[in-house]
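The values are calculated or read from the model by the stated rules, or taken from the named source; none is laboratory data. Given the structure is predicted, the values throughout are model-derived calculations rather than measurements. As a convention, Cβ positions derive from the backbone with ideal geometry for all residues, glycine included, and neighbour counts pool all protein chains shown. These area figures cover heavy atoms from the full protein model, side chains too; ligands, DNA and RNA do not enter into them. Shrake-Rupley method; radii C 1.70, N 1.55, O 1.52, S 1.80 Å.
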Amino acid sequence: RGTMTVGETAKLLHKDASEVIKKLIMLGVMATINQELDIETIQLLAGDFGVEVEVKIPVEDDRFETMEEVDDEANLKTRPPVVTIMGHVDHGKTTLLDAIRSTNVTGGEAGGITQHIGAYQVEINGKKISFLDTPGHEAFTAMRARGAQVTDMTIIVVAADDGVMPQTVEAVNHAKAANLPIIVAVNKIDKPGSDPDRVKQELTEYGLVPEEWGGDTIFVNVSAKQRMGLEDLLEMILLVAEVNDYKANPDKRARGTVIEAELDKGRGPVARILVQHGTLKVGDAFVAGNCFGRVRAMVNDKGRRLKEAGPSTPVEITGLTEVPLAGDPFMVFEDERKARSIADKRAITQRESDMGANTRVTLDDLFKHI
Ligand code: GDP
Ligand code: MG
């Protein structure tokens with residue numbers, strides 16, 4: 001559900017497959033007859049052929065993720081893992097994030113102003129790790145509910161003096177539901193009365209069994225406050241990343257997810273974006289949710305201006321016409337006209353679905369007719 005092959009799309013549009021393929025090539029998509037196309041592309045094609053496909057797409061389903069653009073294995077390159085930190089309130093998520101970030105202020109960046117851009121990247125032994133700076137289940141849940149799959153693994157922080165608490169369990173459930181590798185950071189081990197083994201014991205009830213007890217969950221004892229165990233934690237993250245071998249094709253138009261966005265008094269709409277595929281460049285025309293724009297300026301988490309940003313890079317961009325929502329998919333198009341027309345279509349779809357309006361054909365109907 002959510003995709004059709006080139007052949008099926010051709011049939012739907014009453015065109016020859018070869019015409020469709022030609023059009024796709026003009027859109028920059030190298031396609032074969034059996035290639036799966038996402039709704040976005042199908043709509044684009046329909047528009048280009050002047051065919052009115054009245055598709056009502058429920059907004060929740062209108063996602064770039066459905067675009068299963070198959071990358072040739074040869075074009076994939078290892079990318080940094082994207083990590084989120086979750087856990088019960090006051091167990092030390094913020095302290096841990098801050099400690100990791102400041103651990104990593106390397107020579108060239110020292111003195112640079114750290115920007116809050118919703119995410120940041122650290123480098124350890126020449127390898128990068130991206131952290132989403134949105135601890136808290138709400139942000140995570142909101143993004144997941146919107147279909148944004150932005151993270152590769154999750155660190156669950158549990159305070160060793162407090163043990164497993166309701167939001168710890170919630171975090172475990174979220175991570176499992178999202179099929180994310182989990183690393184448990186047992187925090188506050190500096191505190192008298194802290195009992196890391198109790199945390200391990202308690203978590204076995206939720207299926208997280210440490211390696212030394214025959215399970216496969218990585219536990220790392222840390223003290224965010226005293227900066228103990230941070231390197232172990234980072235090394236474990238790199239290990240999990242290595243095992244999972246996260247890859248992306250950097251050599252295509254960028255796609256990603258909006259992490260945060262706001263209206264800045266001086267700069268207008270500002271969006272913090274995680275680039276997930278391709279490379280984002282200054283000047284690129286894009287759609288973010290129902291908004292469109294052209295990347296005017298791009299800075300990283302160290303406040304450095306970038307000309308381009310590859311997979312797993314968090315960046316802040318200006319050049320939007322409106323403020324998108326956290327979790328909105330972000331995608332670069334070949335030109336601003338295309339970006340605008342897609343943003344407009346989405347805005348209309350959104351309005352219609354907001355009003356509960358019934359258009360002629362629903363997406364379900366569309367796929368039923370194939
Ligand atoms: P969050 O709600 O999970 O983001 O927790 P915070 O990072 O705000 O930390 C909650 C409190 O625990 C703060 O007062 C921190 O200083 C304290 N804290 C965090 N990590 C440690 C630690 O490793 N050891 C000790 N002793 N206190 C910590
Ligand atoms: Mg916090």
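The figures follow:
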{"item": "Looking only at region 69-97, and only at residues there that are in contact (Cβ under 8 Å) with a residue 40 or more places away in the chain and part of a helix (DSSP H, G or I), the one that is nearest to ligand 2 (Cβ to nearest atom)", "result": "Thr94"}
{"item": "Total residues in region 224-251, condition open to solvent by less than 40 Å² (accessible area, probe 1.4 Å) and away from ligand 2 (no atom under 16 Å from the Cβ)", "result": "12"}
{"item": "Pairs where the first residue, in region 272-290, is surrounded by 23 or more Cβ atoms within 10 Å (Cβ to Cβ) and the second is among the aromatic types (Phe, Trp, Tyr), C-beta under 6 Å, 6+ apart", "result": "Ile273/Phe330; Ala288/Phe330"}
{"item": "Any hit, region 297-308, residues being closer than 30 Å to Val220 by Cα, at pLDDT 95 or above, touching a Leu at 6+ places or on another chain (Cβ under 9 Å) and buried (at least 18 other Cβ atoms within 10 Å of the Cβ)", "result": "no"}
{"item": "Those residues of region 82-105 which are of a type in the set (Gly, Ala, Ser) and more than 20 Å from Val240 (Cβ to Cβ), in sequence order", "result": "Gly92, Ser102"}
{"item": "Enumeration of residues in region 252-271 that are buried (at least 19 other Cβ atoms within 10 Å of the Cβ) and of a type in the set (A, V, I, L, M, F, W, C)", "result": "Ala254, Val258, Ile259, Ala261, Val270, Ala271"}
{"item": "Output for region 51-105, where each listed residue is modelled with pLDDT of 90 or more and more than 16 Å from ligand 1 (Cβ to nearest atom)", "result": "Leu76, Lys77, Thr78, Arg79, Pro80, Pro81, Val82"}
{"item": "Val258 among the aliphatic types (A, V, I, L, M) and closer than 19 Å to Gln149 by Cβ", "result": "yes"}
{"item": "Any hit, region 178-197, residues being modelled with pLDDT under 95, open to solvent by 40 Å² or more (accessible area, probe 1.4 Å) and under 19 Å from Val89 (Cβ atoms)", "result": "no"}
